[in-house]
Amino acid sequence: MHEYHEAIHIIEHAIEQARAEGKKKVTKINLVIGENSGFSGESIRMHFEEAAAGTICEGAEISVRTVKTMLRCPNCRELFVRKLFHFECPHCGTEGIPSEVGKEMSIDGIEGE
C-alpha cells in the first residue's frame with residue numbers, strides 16, 4: 001500500500017515541477033528505484049494510473065531505472081554490487097557492509113508539453 005502513497009507523492013511533485021516549468025501536461029516521469037528500497041516499479045505504475053486520473057499527469061509514461069544494491073568494503077572503501085549470498089569485496093576479500101546505494105526512490109525528472 002505504500003506504493004499508492006508514493007504514487008500520490010510523485011504526482012504532486014510532477015505537477016509542481018511542470019507548473020514551475022510552464023508545462024500544461026506531463027508526458028513522462030523518470031524514476032530511480034533501488035533494488036533494496038522496498039518499492040516496486042510495477043506497483044507504482046499501477047497505482048499511478050489510478051491516482052493520476054483527472055490530473056495533468058494522466059496518461060504519462062513512468063520510466064524506471066533500477067539501481068543495484070551495493071556494499072562498501074570497510075577495508076579498502078570500494079563500493080561493489082552485492083551478489084546473492086556473497087558479500088566479499090572483489091578487491092580484497094573483506095566482507096562488505098551495507099551502503100545507501102540501492103535504497104533510493106526518487107524522481108529523476110519529468111517531461112511534458
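The values are calculated or read from the model by the stated rules, or taken from the named source; none is laboratory data. All values reported here derive from a predicted model rather than from experimental measurement. Because the Cβ atoms are built from the backbone with ideal geometry, glycine has one as well, and the counts that use them run over all protein chains shown.
Looking only at the range 5-40, how many residues end up being more than 12 Å from residue 110 (Cα to Cα), among the β-branched types (Val, Ile, Thr) and more than 11 Å from the chain's Cα centre (by Cα)?
The total comes to 1.
Can you name every residue in the range 41-79 that is outside any helix (DSSP H, G or I), of a type in the set (Gly, Ala, Ser) and under 12 Å from the mean Cα position of the chain (by Cα)?
Within the range 41-79, 63 is the sole residue that qualifies.
Can you say whether residue 38 is farther than 23 Å from residue 9 by Cα, at pLDDT below 95 and either among the aliphatic types (A, V, I, L, M) or assigned to a loop (DSSP other than H, G, I, E, B) (or both), as far as the supplied structure shows? Working first, answer last.
Details: farther than 23 Å from residue 9 by Cα: no; at pLDDT below 95: yes; either among the aliphatic types (A, V, I, L, M) or assigned to a loop (DSSP other than H, G, I, E, B) (or both): yes.
No.
Under 6 Å between Cβ atoms, which residue pairs at least 6 apart in sequence (or on different chains) link something in the range 42-55 that is among the basic types (Lys, Arg) with a partner that is at pLDDT 95 or above?
Taking only residues 6 or more apart or on different chains, the pairs are 45/62.
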